1. Just the number, please: carbon plus sulfur as a percent of the accessible area of the stretch 129-235, 1.4 Å probe, no ligands or DNA/RNA counted.
2. Between Leu190 and Ile170, what FRET efficiency comes out of the Förster formula 1/(1 + (r/R0)^6) with R0 = 22 Å and r the beta carbon distance, rounded to 0.05?
3. At q = 0.12, 0.21, 0.26 Å⁻¹, what log₁₀ I(q)/I(0) does the stretch 129-203 have when each alpha carbon counts as one equal point scatterer in the Debye sum?
4. What is the Cα radius of gyration of the stretch 70-215 over 2.2 N^0.38 Å, N being its residue count?
5. What does the charge dipole of the stretch 169-235 about its Cα centre add up to, to the nearest 20 debye, if the Cβ of each Lys and Arg holds +1 and the Cβ of each Asp and Glu holds -1?
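The values are calculated or read from the model by the stated rules, or taken from the named source; none is laboratory data. Note that the structure is predicted; figures quoted are calculated from it, not measured. Backbone-built Cβ (ideal geometry, glycine too); neighbour counts: all protein chains shown. All accessible areas refer to the heavy atoms of the entire protein, side chains included, with ligands and DNA or RNA removed. Shrake-Rupley method; radii C 1.70, N 1.55, O 1.52, S 1.80 Å.
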Amino acid sequence: MSIIRNAIRSSFSLRTSDPVISRNSLPFLQDSRKCLSTVAEQPLSSPSPPPPGGSPVDGIKKPASEGKLYGKFSGFSKHTLRSDVMNILEGCNVTSDDLKFSYMRGGNLNPAGVYVQFPSRSSYDSAMRAIAKKGRLYRLERATQSQWDPILPYQGKVVALHGLPPNAIIEDIDRFLSGCLYHPGSIQFLTIQGLGSPKRVALVRFTSQTQALNAYITKNRNFLLNQRITLQVLQ
């Protein structure tokens with residue numbers, strides 16, 4: 001036991017004789033406190049997105065498929081109806097409200113063409129393919145919104161009365177259209193240049209397409225002041 005005790009004492013004396021390690025003797029311990037902090041580390045901030053209009057993408061022109069296109073459809077007869085045009089443009093994503101018939105003020109108000117509002121470029125391309133299948137009878141060409149906007153949409157509710165005598169007045173039109181449902185205040189007179197002398201035409205707006213067609217069936221080629229009147233439904 002004495003041998004063991006002496007060994008322990010000798011070991012303890014060696015430990016106490018070791019040199020004391022101080023902070024000043026190790027420079028890296030002096031600076032280590034600068035690296036420690038109780039404040040949470042802030043994440044690296046990502047670059048803020050550019051303001052609207054500042055991105056190069058905003059300056060790129062959008063494809064033509066985004067937005068409406070306008071076209072002028074021609075090559076049909078005087079008696080072509082809106083439904084006839086719709087049948088030709090079937091599958092082109094066009095509604096009846098997207099059609100406007102333009103009429104020449106000379107002659108007998110013959111249609112100069114149908115202006116069509118297409119919802120997209122793909123719709124316009126589909127119409128081009130559909131018309132191409134019909135041969136050279138029909139034609140579709142590009143138009144602008146400035147050509148589309150001024151045209152009045154008749155929508156098959158307006159009837160033109162041709163062959164009016166020079167002395168015809170609104171009361172004569174009322175008697176001629178007796179039994180028809182139309183807007184009395186809508187009657188207006190036009191003077192169009194025919195092949196010879198100017199001709200008077202009256203435009204009358206009816207309450208519906210059905211009523212306009214009914215007037216055409218029942219009143220066409222009837223007489224007003226001993227003169228035969230022909231009717232034309234404006235589309």
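1. Its accessible area is 51 percent carbon and sulfur atoms.
2. Working: r = 14 Å, r/R0 = 0.62.
Using R0 = 22 Å, I get an efficiency of 0.95.
3. After summing over all Cα pairs, the log10 values are -0.58, -0.99, -1.22.
4. 1.17
5. In debye, rounded to 20, the stretch 169-235 gives about 200.
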